[in-house]
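Please treat every number below as a calculation from the coordinates, not as lab data. Please read all numbers here as calculations on a predicted model, not as lab measurements. Every residue, glycine as well, gets a Cβ built from its backbone with ideal geometry; the counts of neighbours run over all protein chains shown.
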C-alpha cells in the first residue's frame, strides 16, 4: 500500500483485461470490454480516490478480481461500469443504449446496492439488508460484482483518514458482506474480507494470534512436511492418485472459534489441515479408509459433506486424526470439482459450452449444486411471511454465519438448520402450515419437548392439530427468522381479531342503548 509521495500503483491495461477473460472464455466480446474500459476511464475523468489513485483504477481492479473467478463478459463489463450511474452524469438509459439492456439491468442493480450502504444504526442496517437481499435475489452476478467491489475497497481501506468510518466499513463487511460471500460459497472472497476487517477492528487480537501461529509454525513445521509426505506415500501405495495441499487456519477463523467455544489456543485441533484432492467421489471414500487405517481418528471430528452438502453446495469429507508427533491434523478429502466449488462457490459453474460462456446449471447439478441463490431466497421467504427487518438480520447471520445441523423428515428428506435450532424451526422450515398447526414433536420416534435442541441425524416428526395456533411464548422456542416471523404474524393477526370483536361488542352496546338497529361492520 503506497503512501504520500509513492509512485502511482499500476492497474490492469485494456489488453491485459481482455487477455485474462479470453484465457477462459474463447467467446469473449472483446469489443464490448474495450468500449466499457474506455467509457469508464472517460466518465470518471479526473476523479480520485482517498489513496490518490485515479478513480477509474477502482472499477478496473474490480473487473480484474472477477476474472480470477472466470465470470462472463457481461459481469466484467458491469464491473467496469458499476459506479458510472452513481458517480457521474451517466443514466441508465445511456447504459442501455451503449451496452444493451442486460448490462443496464446489472449496472443498475449494483448501483442500487451501493445506495443501500449500511450504517452503524442497527435498525437501518437491518432495513438495508432487507432491500439488499431483494435486489440480489434476481441475479447472482449483481452480488458477485458487489462482493468484488467491497473486496477492493477493503484492500484500500487504510487510506481513509477517519477511524470511525474505517471501523464502520469493516464492521458491515464482517456482519454482511463476508457472510453473503460464504452463503454462495465464495470462500476465498469471504476469508479475505474477514481477515481485512479483523485487521481494522481488532488489530491487537490479530497480532497476538499471528505471533502464536509463527511460534507454532517454527515448532511443528517439520512435522507438517513429514505428515504431507506420509499421506502421499500411503495413498500412492493404495493406488490412489492425489494432490495434497497444506492449509493453515486464518487468524480471524481462529479468533471466532476461541470466542465461540470459550477455549484456549492450545485446545484448537484444526489449525493445520491437509486437502486431499482426488479424481472422483469413489476415491474420496477410499482415501478416507487409507487415512483412518494409518492414523487414529479423533472421536466426534468426522463430517461427511459429500452425502450431506452444506447449503452453499460445499462438498467434502472432514476428519481429524492424530498424526506425527501426536499432532492433531484435519483432513479435507474432495475431488477437483468439489475443490473449485469450495473456493469459488457459485462462480465455479460459469463455463464455455456450445460456443457460449455462461452459468451452466447442468455442471452445477453434477457437482451436487442447486439454485445458487437458494440461501438468499430463504431470506426472502422471511419477508414474505411478514418478518420485520431485524428478524431478517438475525436470521441472515444465523443462516450464513453459524454452524449447521442436518436433520431428516420421517420420509428421509434432509432439512438443514442453523446450529441451536429446535423443533418449531424444523416445522416451519418444512412448511409454514406444519409450523402453524404444530402440537408436539417426536424425535427419533420419542415424544420430546419443543425446547429440545436438534442434533445431526435426528429424525423429526411433527404432531399436528386441526387448528392454527401460535402462542406468544413460542418465540422463545425458535432461533430462525422464518419461524419467528411466522409466529409474530399469527400473534398480530390474533390481536387484530380480538380488537375487532371488542369493537363490534362496543358498537352493539351503543346501538342498543340508542334503540337503534345493530351496526354492521
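Things worth noting here:
- The share of alpha-carbon pairs in segment 131-212 lying farther apart than 17 Å comes to 47%.
- Cα-based Kirkwood hydrodynamic radius, segment 402-500, one decimal, Å: 13.6
- With the biggest extent put first, the Cα atoms of segment 1-114 measure 42, 33, 22 Å across the principal axes.
- Share, in percent, of DSSP beta bridges within segment 204-366 that are antiparallel, nearest 5: 75
- Whole-number percent relative contact order across segment 402-500, with pairs defined as alpha carbons under 8 Å at least 6 apart: 29
- Distance between the modelled labels on residue 38 and residue 201, one decimal in nanometres: 4.4 nm (7 Å Cα→Cβ projection).
- Computed over all pairs of different Cα atoms, the Kirkwood value for the hydrodynamic radius of segment 14-199 is 16.8 Å.
- Modelled FRET efficiency - R0 56 Å, residue 22 with residue 504, Cβ distances, 0.05 increments: 0.20
- Overall form of segment 173-243 per C-alpha gyration tensor (a/c, 1.5; a/b vs b/c): oblate
- Estimated distance in nm for a label pair at residue 511 and residue 218, the labels positioned 7 Å out from Cα along Cα-to-Cβ: 8.9
- Under 19 Å from the residue 233 label point (7 Å along Cα→beta-carbon), backbone N, segment 314-336: 321-329
- As a calculated quantity, the FRET efficiency between residue 456 and residue 336 at R0 = 35 Å, using C-beta atoms, amounts to about 0.80.
- Förster radius 30 Å - calculated FRET efficiency between residue 164 and residue 260, Cβ distance, rounded to 0.05: 0.65
- Based on alpha carbons, the Rg and Dmax found for segment 255-336 are 13.5, 39 Å.
- A convex hull fitted to the Cα coordinates of segment 204-366 yields 143 cubic angstrom per residue.
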